[in-house]
Amino acid sequence: MPAPVLRLPTFMCTNGHGFIDVLKVDVEGVEFDICDDWLRMGTPLPVGQVLLEFHDRLLRDGKVRKRACYEAMAREGFTEVYVSRNKEEVTFARLAIVGNISKI
């Protein structure tokens with residue numbers, strides 16, 4: 001079912017945010033579209049940490065899209081600092097911004 005959404009820059013501007021410390025993303029398979037959108041922004045993602053829940057099992061090309069999202073996060077300067085046992089919940093952090101986080 002279609003639902004209205006706001007792009008991250010629009011949401012931030014509307015709410016007067018210049019930077020987000022922690023962003024949680026759990027959108028049941030749409031996370032790949034969001035990751036693609038972040039790449040198209042053309043500016044660094046103004047976020048220190050991203051808690052991203054992957055639902056690659058729901059999509060035929062999910063594994064390929066998950067790998068592309070990991071690569072995009074790395075290009076954005078994010079490091080994987082946590083992965084759950086089922087490998088669906090992942091925390092990425094910009095260590096240059098948030099400081100030294102021990103990998104869990």
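Given the structure, is residue 71 within 14 Å of the chain's Cα centre (by Cα), open to solvent by 70 Å² or more (accessible area, probe 1.4 Å) and of a type outside the set (Ser, Thr, Tyr)? Steps first, answer last, please.
Working: within 14 Å of the chain's Cα centre (by Cα): yes; open to solvent by 70 Å² or more (accessible area, probe 1.4 Å): yes; of a type outside the set (Ser, Thr, Tyr): yes.
Answer is yes for this residue.
Residues checked against (1) within 15 Å of the chain's Cα centre (by Cα); (2) touching a residue at least 60 places away in the same chain (Cβ under 8 Å); (3) surrounded by 12 or more Cβ atoms within 10 Å (Cβ to Cβ):
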position	(1), (2), (3)
14	no, no, no
22	yes, no, yes
37	yes, no, yes
59	no, no, yes
67	yes, no, no
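Considering each of 31, 53, 76 in turn, give the residue that is within 12 Å of the chain's Cα centre (by Cα), surrounded by 14 or more Cβ atoms within 10 Å (Cβ to Cβ) and at pLDDT 90 or above.
On the way: 31 fails: at pLDDT 90 or above; 76 fails: at pLDDT 90 or above.
After ruling out the rest, the residue left standing is 53.
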Handout entry: Failed criterion for residue 47 (all others in (1) modelled with pLDDT under 90; (2) under 15 Å from residue 74 (Cα atoms) hold)
Key = (1)
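The values are calculated or read from the model by the stated rules, or taken from the named source; none is laboratory data. All values derive from a computational prediction rather than experimental measurement. Note that we place each Cβ from the backbone using ideal geometry, even for glycine, and neighbour counts take in every protein chain shown. These accessible areas exclude ligands, DNA and RNA; they are computed on the full protein's heavy atoms, side chains included. Shrake-Rupley method; radii C 1.70, N 1.55, O 1.52, S 1.80 Å.
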